[in-house]
Amino acid sequence: MNNQKPPYHELETKMKEAEELIHALRTQQVDAIVGERHVMLVRLKQAEENLKSSRNQLRALASYLLSARENERAVIARELHDEFGQALTSLQLGLSWISRKVTPGQQPLQKKIKSLTATTTNLMRSVKNIASELRPGVLNELGLVKTLKSEAREFEGHTGIHCRFNTNTEKAKFDRSAAVAIFRIVQAALTNVARHAHASRARIALMKRKNALILTVTDNGKGISRKLIYGHDSLGITGMRERALALGGTFTLGGSRGKGTILTVQVPLSRVIIGTSR
């Protein structure tokens, strides 16, 4: 039997062949892994771009719907004012004319006319209030700052919740659509305070800070949970958020149990105040 060991150069050759084989296998595995990761990264990037595009489209759609809703509100408010308002005014004048024609002895008829007159007056007041809610025409007359001051007073009068308004934008001239958006956010925020907060105090602040306009609405109520903030059925909060985003701004809402709630909207000055460079 031949017990002679293989020559050294044969072992060296076989070791090199083995190393080359191992290297080839490792290289293929690395290439496969790198290739797979590259494909995954490309697909992830495409998915992110598609998601971003979808979000932008949804934002544009939401902005369009908000604008369309405000326009529709304006049309309905105008119809209420022009048609129902004029009809009720004519009815009131007619009742007044009939009242003057009725003799003092016709007490039951006088009483009925007085009742109908009071009902007509209440209807006229209701139509005016509904039209004002649909289209805050007072914004055109008073401007955003005075309108928010008035809103705070009315809120306190209706709810008994002490409400204070602070601002440093008294001399600013606001873009019409931006003013409507801010006003609607404040309306919705105060509605939430009245319905859910169990608060005794509320505060509205509209402050100009460098290149941003910051709106805050705070209360000292029971606070708000994350479930309510991000819930699908929280339509009022969703509406406020979409109005803020439509202005190119940010919307945050937070609070803690027993310490109240704070809503903050921050938007670029160039989007809300006329005369500010973009």
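The values are calculated or read from the model by the stated rules, or taken from the named source; none is laboratory data. These numbers come from a predicted model, not from an experiment. With ideal geometry, Cβ positions are generated from the backbone for all residues, glycine too; neighbour counts draw on all protein chains shown. We work out accessible area using only protein heavy atoms, side chains counted, and drop any ligands, DNA or RNA first. Shrake-Rupley method; radii C 1.70, N 1.55, O 1.52, S 1.80 Å.
Using a 7 Å offset from the Cα along the Cα-to-Cβ direction at both K111 and K146, what is the distance between the two label points in nm, to one decimal?
4.6
Given a cut-off of 22 Å, name the pairs among K101/K128; K146/K259; K52/K227; K146/K208 whose C-alpha atoms lie farther apart than that in the structure shown.
Among K101/K128; K146/K259; K52/K227; K146/K208, the Cα-Cα distance tops 22 Å for K101/K128; K146/K259; K52/K227.
Say each of H162 and D82 gets a label point 7 Å from the Cα, pointing the same way as Cα to Cβ; how far apart are those two points in nm?
It is 4.6 nm.
Given R₀ = 35 Å, FRET efficiency for E48-V75 by Cβ-Cβ distance, to 0.05?
Working from the Cβ atoms, E equals 0.30.
Relative contact order for the range 156-217: what percent, with Cα pairs under 8 Å and sequence separation of 6 or more?
Answer for the range 156-217 is 44 percent.
Set Lys and Arg Cβ to +1 and Asp and Glu Cβ to -1, take the dipole of the range 203-249 about its Cα centre, and tell me which of G249, I214, G239 lies farthest positive.
Result: I214.
Based on the alpha-carbon gyration tensor of the range 73-115 and its eigenvalue square roots a ≥ b ≥ c, which shape applies: rounded if a/c is under 1.5, prolate if not and a/b is larger than b/c, or oblate?
Because a/c hits 1.5 or more and a/b exceeds b/c, the range 73-115 counts as prolate.
Report, in debye and to the nearest 20, how large the dipole of the range 156-278 comes out about its Cα centre when Lys and Arg carry +1 and Asp and Glu carry -1 on their Cβ.
It comes to approximately 280 debye.
Would you mind getting the accessible area per residue of the range 119-278, heavy atoms of the protein chains only, 1.4 Å probe, in Å²?
56
Place the peptides 169-182, 238-251 in order of packing, highest mean first, counting for every residue the other Cβ atoms within 10 Å and averaging per peptide.
Going by the mean number of other Cβ atoms within 10 Å, highest first, we get 238-251, 169-182.
Placing +1 at every Lys and Arg Cβ and -1 at every Asp and Glu Cβ, with all other atoms neutral, what dipole size does the range 176-238 have around its Cα centre, in debye to the nearest 20?
Around 240 debye, computed over the range 176-238.
How much FRET efficiency would the formula 1/(1 + (r/R0)^6) give for N122 and S256, where r is the Cβ-Cβ distance and R0 is 35 Å, rounded to 0.05?
0.25
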